[in-house]
Each structure stands twice: as structure tokens, then as C-alpha cells.
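This report refers to the structure that appears directly beneath it.
The values are calculated or read from the model by the stated rules, or taken from the named source; none is laboratory data. A quick note: this is a predicted structure, and the numbers were derived from the prediction, not measured. With ideal geometry, Cβ positions are generated from the backbone for all residues, glycine too; neighbour counts draw on all protein chains shown. When the accessible area is computed, the model is the full protein with side chains, heavy atoms only, and any ligands, DNA or RNA have been set aside. Shrake-Rupley method; radii C 1.70, N 1.55, O 1.52, S 1.80 Å.
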Amino acid sequence: MAVNVGSVAGKVRALIFDTGGTVFDWHSGVTEAFSRIGAEFGIDTDWPALTKEWRRTSTDMVKEGLPTDGGRASIDMDGVLRMTLDKMLEERGIEGFSPEARARLVHAWHDLDAWSDVVEALPRLRRKFIVSPFTILNTRLVIDASRRAGLSWDCVISCEMIGIYKTLPGSYETAARWLGHPHDEILLVTTHNNDLQAAHENGFPTAFVYRPDEWGDIPSLDPEPDPRADLICQDFNDLAAQLGCER
């Protein structure tokens, strides 16, 4: 289903993409790494549940570390992941992972797979539009995961580079300034309604992409799009079709 397709497709010149969950399948990749590395150390637990907890706690730590006045923030996402991993394992009484193994678990976030429709559709989108991730994940993580998946971007915009993190207004303003287009010519693509809402409030058109499997064995936290979404897409192939991208 699409909303206001004609006016959006005719005006948009650039696409910025939420990355963790929208572009990359974090749940499958991190769960697999937990299972594999855990087996090396004879450790077994509910790895899918641990993966979801890790995602929630690391995201919460980033949000809690943001300055309330919109000023610059310095956040090392790999450091956040390591701190939350250590705390989570301690709270659950999971012992036995060596420091090297914990470092490998953090690096698993750099080895995520992209959703298959992203791999298929991104070249079509890039032929017509400027395309860039727009993410709270750190720059090197996005580079590593993108190279692994064979994704080619025109640039990478990490909030680490900006020093202001989504969903603060300054992050969206800076992304638009760096891309050299007014807000209404940049389409934010996401599966997360909080990101969609913030982009909309800052004058960006938005596209919601369904990711029902983002959280693995539990329903998506955003099963339906915010009604303010300009485009509603089943996947990236549907996004490309709605935007008039040739095959």
C-alpha cells in the first residue's frame, strides 16, 4: 500500500536509511554468534532472548547518554556494546566467556547480514537517488557490515560523525546539510516509528518498511506504520517500485 506516492517520488532526490533492523538483520547474526561462541566455552542459554536484551540495553544506554540540550555527544558504540554485554552476563550469572570471546561477540555486530531485499534493490535505488545509511551505529560497523553484504552507498552518515544522535532534531538537520538537499527532497526509510515520527516532525518525507522478523521469535515492536508515513512498503523491492526505479 502506498500513500501520496506521486508527490513523494517526483520530488525526492536522496534516500537516508535507518540501518540496524531496516538494512541489517541484527537478531539472526548476533544470536548465531552467541550460539557458536557459547558452544566453544560450553555455555548454553536462551541466546535469542539474550540477543534481544543486548539490543535493548545498548540502545537505551545510547539514549541515556545524549545531552538534553542537543549539544554534541561522544559515544563509542562498540564500547557501549561491550559495557552492556559485560553487565548483562554478570546479572545473568553467565561466566566463562574470555575477554577475547567477548570482543568477538561485540565484533559480531560488524558481521551482520543485510536483508535479502536490500541486496536486491539497493543498486536500483542508487541509480536514481543518492543513498546513505543514517544510523546511531558507528561508522566502522556500518562499513564492515556493508562490505560483507556487498552494499554500495554514496556515503555513510553515522550519528557518531555528527555528534548528535537520532532522534534529536540536530541530527536530521546535519544529515540534510551534508547531502546538500532541503529536507523535503530527502526520504527517510525506516522500520521504526520513533525515527519516522522524528523525521516527519523535522520536515522529511518518510517511508515505512515492514520487518516482521526483526526481533526474531517475537512480534516486531512496530508491527504497523505511523499513519504519517508517506510511503508504506513491504520491502526494499516494493520501495524501489513505488519510487519508479527501473529494474
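Data table
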item: Rounded tilt (10° steps) of 169-179 against the dominant C-alpha axis of the chain; result: 60
item: Residue-span extension gain [residue 86 to residue 39] - 0.36 nm each, minus C-alpha spacing; result: 15.1 nm
item: For the stretch 102-247: rounded, prolate or oblate by the Cα gyration tensor [a/c cutoff 1.5]; result: rounded
item: Helix-only mean residue ellipticity at 222 nm for the chain, each DSSP H run of n ≥ 4 adding -39500 (n - 2.57), per residue, nearest 500; result: -14500 deg cm²/dmol
item: Accessible area expressed per residue, the stretch 20-137, with surrounding protein chains retained (probe 1.4 Å, Å²); result: 46
item: HN-Hα J in Hz across the stretch 36-45 - Karplus 6.51, -1.76, 1.60, θ = phi - 60°, x for Gly and Pro; result: 5, 6, x, 4, 5, 9, x, 10, 9, 7
item: Rounded FRET efficiency, nearest 0.05, which uses the C-beta distance separating residue 11 from residue 107 and R0 of 41 Å; result: 0.55
item: Anchor residue 11: lysines whose Cα lies under 25 Å away (excluding residues fewer than 8 positions away in-chain); result: 128, 166
item: Sulfur and carbon atoms: percent of accessible area, the chain [1.4 Å]; result: 50
item: Binned Cα-Cα distance frequencies in the chain - 5 Å width, integer %; result: 1, 6, 14, 18, 19, 17, 11, 7, 4, 2, 1, 0
item: Lys, Arg +1 and Asp, Glu -1 on Cβ, resulting dipole of the stretch 143-247 about Cα centre, debye, nearest 20; result: 300
item: Spin-label zone in the stretch 221-247 - amide nitrogen under 19 Å from a point set 7 Å from the Cα of residue 181 along the C-beta vector; result: 229-233, 236-247
item: Karplus-derived HN-Hα couplings along the stretch 145-160 (A = 6.51, B = -1.76, C = 1.60, θ = phi - 60°), whole Hz, x at Gly and Pro; result: 5, 5, 5, 4, 8, x, 8, 10, 10, 7, 6, 10, 10, 9, 4, 4
item: 0 to 90° range, to nearest 10: angle between helix 47-64 axis and the chain longest Cα axis; result: 60
item: Rounded to 5, percent antiparallel among DSSP beta bridges of the chain; result: 15
item: Placed amide H near residue 17: partners under 5 Å, 5+ positions off or other chain; result: 132, 134, 189
item: Relative contact order of the chain, defined on C-alpha pairs under 8 angstrom at six or more residues apart (%); result: 29
item: Other-chain or far-sequence residues with amide H under 5 Å of residue 113's (modelled H); result: 25, 29
item: Cα-projected label distance for residue 224 with residue 246, points at 7 Å along beta-carbon direction, nm; result: 3.9
item: Neighbour-limited loop hits for GluC sites (Glu not before Pro), the stretch 184-247 (at most 14 other Cβ within 10 Å; DSSP other than H, G, I, E, B); result: 246
item: Check: the chain dipole with +1 on Lys, Arg Cβ and -1 on Asp, Glu Cβ, in debye; result: 840
item: Proximal aspartates and glutamates to residue 63, defined as alpha-carbon separation beneath 18 angstrom and excluding residues fewer than eight positions away on the same chain; result: 18, 53, 76, 78, 160, 195
